[in-house]
1. Give a quick list of chymotrypsin sites (Phe, Trp or Tyr not before Pro) in the stretch 116-185 that DSSP marks as loop, anything other than H, G, I, E or B, with at most 13 other Cβ atoms within 10 Å.
2. Could you work out how much longer the chain between Ala90 and Phe24 gets when fully extended? Use 0.36 nm per residue separation minus the Cα distance between them, nm to one decimal.
3. Quick one: 3J(HN,Hα) in Hz for the stretch 30-46, Karplus 6.51/-1.76/1.60 with θ = phi - 60°, rounded, Gly and Pro as x.
4. Sequence-distant or interchain residues sharing an amide H contact under 5 Å with Ser608, placed H: which?
5. Given R₀ = 41 Å, FRET efficiency for Val378-Glu553 by Cβ-Cβ distance, to 0.05?
6. Work out from phi, with θ = phi - 60° and the Karplus expression 6.51 cos²θ - 1.76 cosθ + 1.60, the ³J(HN,Hα) of each residue of the stretch 495-505, listed in order in whole Hz, and give x for Gly and Pro.
7. Work out the P(r) tail for the stretch 471-629: percent of alpha carbon pairs separated by more than 21 Å, whole number.
8. Between Leu367 and Glu213, 0.36 nm times their residue separation minus their Cα-Cα distance comes to what?
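Just so it is clear, none of the values below were taken in a lab; they were calculated from the coordinates. Quick caveat, the model's predicted, so the values are computed rather than measured. Reconstructed Cβ throughout: ideal geometry from the backbone, glycine too, with neighbour counts over all protein chains shown.
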Amino acid sequence: MAGLPALAYAGSMIGIRYFRAAVFLLAALAVGGLLYGTYRYAYEQIVAELHERAKSRLKIVVANLQGELDKYSFQPKLLAREPYVHDALAHPLNRRLVDRANTALAQVNGVTGALATYLMDRSGTTIASSNWALETSFVGKNFSFRPYFHQALEGRLGRFFALGTTSGERGYYFSFPVRIAGEIKGVVVVKMAVTLLEQTWQSEADEFVALDENGIIFLSTEPSWVFKAFHPLEEAKRNALEEGRQYAGRRLNNLEITHVSGQPLVRLAGSTLGETEDDRVATAPTSYVLASKTIPAGWKVMVLANAGEIGPRVRLALLVVGFMAFSAVLVVVNIVQRRRRLTERMAMEEQARAQLEATVADRTRDLSEAVERLSDEVAERQRTEDHLCKTQEELIQASKLAALGNLSAGLSHELNQPLTAIRNYSENARVYLDRGNADMALSNLGRIAEMSDRMARIIKNLRTFARNETVGVRPTRLLFAIRNAIALLEAEIEKAGVTVVLEQGDETIAVKGGEVRLQQVFVNLISNALDAMANVPERRLFIAVVADEQIAEVKLRDTGTGVDPSVIDRVFDPFVTTKDVGKGTGLGLSITFGIIKQFGGTISVQNSDEGGAEFKVRLLRAERHQEAAE
């Protein structure tokens with residue numbers, strides 16, 4: 001029986017070993033699954049990122065290519081109308097007229113930067129060309145086999161890409177018929193250079209190609225790809241292209257490329273690069289992330305982003321995740337070791353917890369008392385702030401009423417004048433009626449109506465300005481408020497002999513504010529300007545409005561004495577004034593500052609280089625449809 005404990009111990013050890021082995025196996029499977037998931041996720045994310053980069057570059061390339069095509073497409077149409085072109089076609093044996101056409105085409109070609117510009121008769125023979133003085137001159141050459149020639153003879157704009165049979169240069173041809181007396185007499189052609197586009201598209205990470213309608217690469221940042229078929233080309237089609245001399249007899253081989261199913265990936269087989277046997281170097285297979293787009297010219301433009309970075313970046317992701325998994329294992333081991341120590345600390349921490357709870361209870365009681373005191377202070381501050389806002393509103397209304405008091409003499413004159421005119425016109429109308437002169441009586445009655453309207457406008461401005469506005473910030477027409485302020489101060493402006501120059505602006509400009517308070521802002525600023533110009537010979541007030549999508553700025557510049565530099569930094573503080581004693585309270589600009597701040601705007605002042613003071617009021621723009629909704 002003595003051997004039973006030993007057997008039980010041995011059995012328990014075997015069970016522990018199996019348990020550890022099972023845990024190790026599960027951990028290995030979990031880590032393996034994690035690494036595989038990381039590989040798939042990182043691979044797909046990097047491919048998607050490269051695809052987005054390729055599509056972004058593709059947009060730029062397509063826009064650049066389309067711009068170049070558009071730049072040259074209209075030139076044959078313009079040249080077909082030139083008199084020297086018509087003269088050369090009408091008199092092809094007249095050397096003077098042909099030389100004149102040659103010179104003119106060379107000048108045009110020099111300006112446009114085209115490879116060549118030339119003129120052909122109905123047979124396809126070139127009679128004038130921009131390269132007439134070169135050994136590769138097109139003059140006398142017949143290009144009737146080119147499709148662009150037949151397209152132009154059909155009366156439409158011809159387009160064609162080909163390798164020049166004379167120059168050996170790649171180019172895109174635009175052609176257009178030349179009509180004389182309504183009949184097609186010839187064709188003018190502009191050959192656009194395409195090699196400059198390849199230089200423009202050069203990139204360290206990406207390759208760019210352009211395919212014609214047959215899938216032949218005619219533009220590429222990789223020279224070895226030019227004149228190769230991007231997709232397998234049937235032998236009959238290849239022979240037809242070679243016989244048509246579109247690529248000047250070049251052998252059109254297939255580019256050995258494989259598309260990855262379900263992904264924007266292509267793999268290009270290794271090739272040899274170089275012009276001679278000594279220069280040729282074998283290249284390894286390369287993978288690219290592909291983005292393509294077909295443009296109106298019928299070409300397919302492609303961007304191939306080098307996928308060589310996918311492998312290193314995926315390996316880096318696997319390394320990071322593997323390191324994290326290893327760190328997690330270490331953390332688990334560390335946790336197991338710490339649990340043993342944690343058990344030993346439990347008793348000590350229980351005692352410390354009890355002491356801590358007592359301390360927390362004392363601190364909580366103190367904190368509750370502090371919170372109660374703080375609540376009382378917040379309530380008192382809120383009451384003070386409410387009282388301050390009410391006082392500020394009363395101060396604004398008092399300022400408006402004070403301004404109305406200052407304007408009362410001028411306004412009484414403004415009302416007395418139309419009243420006197422009404423009395424005179426009414427007496428005159430009665431006399432004209434007694435005399436039977438109804439037309440003159442009606443004329444006087446019409447003038448009485450005009451005087452009544454004028455009085456109504458004055459009274460409306462007074463009522464609007466005097467009322468205590470309770471509506472908050474809302475869309476308000478800026479120029480409407482400025483003009484109302486000027487109208488309200490019209491008598492004071494005339495009395496002061498001041499000329500107000502209001503630059504015409506956009507009538508639809510609306511800002512965030514209140515109609516009455518915004519009007520008071522400009523009444524205060526214009527009144528200050530009138531006071532500042534009381535003792536100067538030239539009295540002019542310039543008001544201008546400039547605005548962008550977010551801010552509207554009003555500039556008010558007078559020709560007065562300006563602001564004393566000693567107080568210019570404090571001019572918006574309460575009770576700061578530069579006026580004589582008894583002529584100002586020092587609250588006008590402070591109230592103005594407070595109103596504009598309520599609107600979310602700013603106001604500043606500076607002395608102008610041209611003399612006088614310049615105030616700038618910046619307000620937030622508001623949409624007119626918001627104003628209608630209000």
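1. Phe145
2. Extending this stretch completely gives an extra 14.2 nm.
3. Karplus-based 3J(HN,Hα) across the stretch 30-46 equals 5, 5, x, x, 5, 5, 5, x, 5, 4, 5, 5, 5, 4, 5, 5, 5 Hz.
4. Answer set, sorted by chain and number: Ala613, Glu614.
5. Working: r = 38 Å, r/R0 = 0.93.
Efficiency at R0 = 41 Å is approximately 0.60.
6. 4, 7, x, 9, 9, 9, 10, 9, 5, 5, x
7. Here the long-distance tail beyond 21 Å is 43 percent of all Cα pairs in the stretch 471-629.
8. Values: separation 154, 0.36 × 154 = 55.44 nm, distance 8.12 nm.
Extra length available between Leu367 and Glu213 comes to 47.3 nm.
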